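Before any comments, here is the structure.
The values are calculated or read from the model by the stated rules, or taken from the named source; none is laboratory data. This structure is a prediction, so every number in the text was calculated from the model and none was measured. Reconstructed Cβ throughout: ideal geometry from the backbone, glycine too, with neighbour counts over all protein chains shown. When the accessible area is computed, the model is the full protein with side chains, heavy atoms only, and any ligands, DNA or RNA have been set aside. Shrake-Rupley method; radii C 1.70, N 1.55, O 1.52, S 1.80 Å.
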Amino acid sequence: MPSASRNKSRPLDSALFQRIDLNLFKIFKEIAHAGGIGAAARRLNIQQPAVSLALKRLEAHVGTSLCIRNARGIALTPAGRIVSGFADHLFQEVRSLPNALSAAEGD
């Protein structure tokens with residue numbers, strides 16, 4: 001990947017999760033699954049500029065480009081594929097939390 005895709009303004013650091021908004025992962029998850037900014041905006045029922053801004057904010061947090069816009073929508077970068085997988089896993093875990101808590105209450 002060319003070095004120009006790196007965001008040089010802020011390197012990735014261990015304090016990332018002290019300042020990140022989980023909604024950014026939710027929006028990125030939809031971008032990745034929908035295959036584009038506009039499609040994600042329609043699925044989330046929010047304006048396209050809000051989705052673009054969320055993508056830019058997440059890219060700033062992680063310090064690299066997550067997707068490349070093309071005529072058909074977007075293509076995930078290698079980092080984008082990693083973050084997409086992380087977001088999928090994160091939200092699977094969140095969905096399983098109520099069942100895990102119920103099971104713990106039964107113990």
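If you go through the range 66-77 one residue at a time, do you hit one that is modelled with pLDDT of 90 or more, closer than 11 Å to F28 by Cβ, open to solvent by 50 Å² or more (accessible area, probe 1.4 Å) and of a type outside the set (S, T, N, Q)?
no
Could you check the range 49-75 and list, in sequence order, the residues that are among the aliphatic types (A, V, I, L, M) and in a helix (DSSP H, G or I)? The answer is A50, V51, L53, A54, L55, L58, A60, V62. Picking from residues in the range 7-37 that are surrounded by 15 or more Cβ atoms within 10 Å (Cβ to Cβ) and not aliphatic (A, V, I, L, M), the one that is modelled with the lowest pLDDT is N7.
Kindly establish whether V83 is in a helix (DSSP H, G or I) and either in contact (Cβ under 8 Å) with a residue 24 or more places away in the chain or not hydrophobic (A, V, I, L, M, F, W, C) (or both).
When the stated conditions are applied, V83 passes them.
Of all residues in the range 56-78, those satisfying the criterion of being touching a Leu at 6+ places or on another chain (Cβ under 7 Å) and free of Cβ contacts under 8 Å to residues at least 40 places away in the same chain are R57, L58, L66, C67.
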